[in-house]
Every structure is written in C-alpha cells, then in structure tokens.
Amino acid sequence: MEILVTGGAGFIGSHLTEKLLERGDKVVVIDNLNDYYNPRIKEQNLAKAMRSTNMSFIKGDILDMKLIQKIFDSNSFDIIVHLAARAGVRPSLEQPLLYEEVNCKGTMNLLEMARRHQIKRFVFASSSSVYGNVKETPFREDARIDKPISPYAATKAAGELYCFNYHHLFGISCNVLRFFTAYGPRQRPDMAIHKFTTLIDQGREIPFFGDGSTARDYTFYTDIINGVTAAIDRDLGFEIFNLGESRTTMLSKLLEIIEQELGKKAIKNNLPIQPGDVEITCADVSKAKRLLDYNPSTTIEDGVHRFIEWYKSSSRS
C-alpha cells in the first residue's frame with residue numbers, strides 16, 4: 001500500500017512509519033517539525049526510516065493547501081493516517097485558536113483531499129481526552145462526549161465529527177482511534193513519564209499536580225502501534241476504537257515506579273490540579289479486541305522499565 005502519514009516525525013508517527021516500511025508499504029510522511037518541542041528530536045525519530053527507499057519525507061504544514069494539493073497530485077495514496085495535531089491539554093488553554101486551526105482545519109483539509117482524490121480509507125488519531133470527566137469507567141466508545149473540558153479535547157471531538165460527516169456524505173471509510181496516554185521510547189519530553197524521569201535523574205524539582213490520586217490508563221507504544229496498524233488494514237465503514245491498556249495507575253504510584261527504576265527520589269513541587277485535567281482515564285477495549293484483534297499486554301511496570309532503559313541509552317549517545 002501507499003500510505004500518507006501526517007505527523008510522521010512524532011512519537012507515534014515515527015514508530016508507525018518504521019513498522020509500515022518493515023512490512024513493505026510505501027510511506028510518505030509530512031511533518032512541519034514545529035517547535036512545540038525541539039525539532040532535532042523529531043529529525044532523530046525519523047533517522048532510521050529515512051534510510052528506506054520506500055520512504056519520502058516532506059517538511060510542510062497540513063494547513064498549507066497548495067502544498068497538500070501538490071502532494072496528492074504527485075502520489076496515489078491508498079489510505080491517509082492522520083496523526084498530525086497540536087498536542088497537549090494544558091497548552092491548549094493558552095493557545096485555543098492555534099489548536100482550533102491546526103486540529104480542526106487541518107483535519108478538514110485532509111478529508112477534503114481524500115474526497116477530491118477519491119481516497120476511500122482514512123485513519124484519524126483522536127484522544128481519550130474527548131471523554132472529559134465521564135463518571136462511568138471503563139470508558140466505552142458510545143459514551144457521550146459533549147462536555148469536553150479543554151480546547152484540545154474539543155478539537156479532537158470535532159475531528160471525529162468531521163470524519164463521520166465525510167463517511168456519511170462521500171463514503172470514506174474512517175477508523176477513529178482514541179489513544180489513552182501513550183508512552184515509551186521517543187515519547188514527547190513534556191509528557192509525565194518522560195518529564196518526571198528527566199527531572200528526577202537530574203536531581204531537579206518535578207511539578208506534582210494534585211494529591212496524586214488522579215489516574216491514567218498508560219498505554220505502551222507497541223500496543224498503540226499494533227492497534228493503528230490493524231485499523232489501517234481493516235475497512236469497517238465508520239468505527240471508533242479505544243486504544244488503551246484497560247488498567248489505571250494513580251499518579252502517586254507512577255512516581256514510585258519511576259523512582260524505583262532510577263534508584264532516585266523525586267523532589268516534588270506540589271501544585272493544584274490544573275484546569276482541563278481529567279480525574280481518571282480507563283479504556284474499555286472490548287470493541288478493539290473484537291474488530292481489530294487488539295491485545296494490549298504491557299504492564300506499567302514493564303513499560304516504564306523499557307522506557308527508562310531507552311532514556312539511559314539515549315542520554316549516553
């Protein structure tokens with residue numbers, strides 16, 4: 001298959017690109033290498049994939065319709081995997097208009113390209129944040145998502161609606177994937193596991209929001225990648241899937257695991273819960289198991305161990 005991966009220089013995008021290349025697909029990656037975090041990290045993420053003759057990289061923005069049109073005119077994509085987005089709940093409170101433009105208009109641009117070029121397959125990366133503070137756990141895909149508590153969550157919910165609209169009107173098959181706190185090698189440096197690990201290792205203070213009772217369904221990247229790949233390979237019309245581990249870990253417990261792996265104690269700066277932060281996330285993955293053969297298998301203890309092994313090796317290089 002010939003596959004367009006947007007945001008392919010990021011954490012999940014770069015791992016997915018490598019897997020697709022390994023199995024023989026032709027991959028075109030578009031990424032604007034923005035400065036949300038150090039662009040050099042993203043360049044390093046793609047270093048292995050760039051050695052493949054089946055890989056093409058385009059530095060560009062999904063908001064640049066002239067460039068997007070040129071890319072689609074020059075290729076015959078079988079499927080679009082749309083991972084590109086402005087990420088992060090807290091930053092979206094500070095820059096809501098930027099999040100709306102990139103995450104909403106950018107998604108519409110790609111769906112419109114799919115319509116114009118008669119590409120009938122689309123995979124969209126959504127987020128567990130769309131559930132807001134849903135009380136019933138684990139979260140099911142048919143739960144109401146009409147009360148997002150951050151601009152980021154609202155833009156992801158809007159993207160899901162756009163996908164359904166283009167499926168309904170134009171017959172584009174859309175698999176929508178709600179990621180639950182993905183982590184692992186290459187994780188964004190601002191995410192809790194990476195950030196805590198770095199600061200503790202350097203003997204610096206960590207920001208610790210709340211009393212430690214907030215809980216997340218941390219999902220190791222290999223399980224996420226397996227779910228995304230399965231969604232690429234299945235034409236299901238329009239479906240929404242949770243991709244999580246279906247286990248929750250409290251923030252206080254996560255910190256203990258990281259401390260044990262590093263053999264160092266954290267210096268905590270206790271702060272109040274931030275606006276936009278949900279209390280808990282927990283995925284019901286029964287639908288993904290049934291339709292995608294999704295089988296998450298990495299415990300938080302094993303995943304953090306593997307992440308810190310990568311962290312230590314990359315810090316030495």
Exercise. Among the residues of the stretch 23-51, which ones are in contact with a strand residue (DSSP E or B) (Cβ under 8 Å, 6 or more places away or on another chain) and not basic (Lys, Arg)?
Worked result: ASP25, VAL27, VAL28, VAL29, ILE30, ASP31, ASN32, LEU33, LEU46, ALA49, MET50
For this session: Determine the pairs where a residue that is touching a residue at least 60 places away in the same chain (Cβ under 8 Å) and among the basic types (Lys, Arg), located within the stretch 128-156, has a partner that is buried (at least 20 other Cβ atoms within 10 Å of the Cβ) and outside any helix (DSSP H, G or I) with Cβ atoms under 6 Å apart, the partner being 6 or more residues away or on another chain.
Result: LYS156/SER126; LYS156/SER127
Exercise. Which of the following residues is surrounded by fewer than 21 Cβ atoms within 10 Å (Cβ to Cβ), of a type in the set (Val, Ile, Thr) and within 23 Å of ARG306 (Cα to Cα): THR229, THR219, THR281?
Worked result: THR229
Exercise. Out of all the residues in the stretch 227-246, is one or more among the aliphatic types (A, V, I, L, M), within 27 Å of LYS287 (Cα to Cα), modelled with pLDDT under 95 and assigned to a loop (DSSP other than H, G, I, E, B)?
Worked result: no
Exercise. Which one is nearest to the chain's Cα centre (by Cα), of the residues in the stretch 189-206 that are exposed (fewer than 15 other Cβ atoms within 10 Å of the Cβ) and among the polar types (S, T, N, Q)?
Worked result: THR198
Problem set entry | Matching residues, the stretch 84-99, being part of a helix (DSSP H, G or I) and either more than 23 Å from LYS42 (Cα to Cα) or touching a Leu at 6+ places or on another chain (Cβ under 7 Å) (or both) | LEU93, GLU94, PRO96, LEU97
Exercise. Only one of these conditions is not met by SER286: (1) farther than 21 Å from PHE139 by Cβ; (2) touching a Ser or Thr at 6+ places or on another chain (Cβ under 9 Å); (3) free of Cβ contacts under 8 Å to residues at least 24 places away in the same chain. Which number is it?
Worked result: (1)
For this session: Kindly check whether there is at least one residue in the stretch 9-19 that is crowded, with 24+ Cβ neighbours inside 10 Å and part of a loop (DSSP other than H, G, I, E, B).
Result: yes
Exercise. Hey, does the stretch 47-61 have a residue that's in a helix (DSSP H, G or I), touching a helix residue (DSSP H, G or I) at 6+ places or on another chain (Cβ under 6 Å) and either surrounded by 15 or more Cβ atoms within 10 Å (Cβ to Cβ) or charged (D, E, K, R) (or both)?
Worked result: yes
Problem set entry | Test: GLY276 is free of Cβ contacts under 8 Å to residues at least 24 places away in the same chain, on the phi > 0 side of the Ramachandran plot and of a type outside the set (D, E, K, R) | no
Exercise. Would you say ASP284 is acidic (Asp, Glu) and closer than 14 Å to PHE180 by Cβ?
Worked result: yes
For this session: Could you check how many residues of the stretch 20-46 are surrounded by fewer than 18 Cβ atoms within 10 Å (Cβ to Cβ) and either in contact with a helix residue (DSSP H, G or I) (Cβ under 7 Å, 6 or more places away or on another chain) or assigned to a helix (DSSP H, G or I) (or both)?
Result: 6
Exercise. Just checking, which of ARG178, ARG186 is crowded, with 16+ Cβ neighbours inside 10 Å, under 17 Å from the mean Cα position of the chain (by Cα) and either assigned to a strand (DSSP E or B) or of a type in the set (S, T, N, Q) (or both)?
Worked result: ARG178
For this session: Tell me, yes or no, whether the stretch 295-304 has at least one residue that is touching a strand residue (DSSP E or B) at 6+ places or on another chain (Cβ under 7 Å), within 19 Å of GLU141 (Cβ to Cβ) and at pLDDT 95 or above.
Result: yes
Exercise. Among the residues of the stretch 189-226, how many are under 30 Å from ARG290 (Cα atoms) and either of a type in the set (Gly, Ala, Ser) or assigned to a strand (DSSP E or B) (or both)?
Worked result: 4
Exercise. Any chance the stretch 246-261 includes a residue that's touching a Leu at 6+ places or on another chain (Cβ under 6 Å) and either crowded, with 19+ Cβ neighbours inside 10 Å or among the hydrophobic types (A, V, I, L, M, F, W, C) (or both)?
Worked result: no
Seminar exercise, completed: Screening VAL81, VAL123, VAL134 for residues that are among the aliphatic types (A, V, I, L, M), at pLDDT below 95 and not in a helix (DSSP H, G or I) leaves only VAL134
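The values are calculated or read from the model by the stated rules, or taken from the named source; none is laboratory data. In this text the structure is predicted, and so the values were computed from the model without any measurement. All Cβ positions, glycine included, derive from the backbone under ideal geometry; neighbour counts span all protein chains shown.
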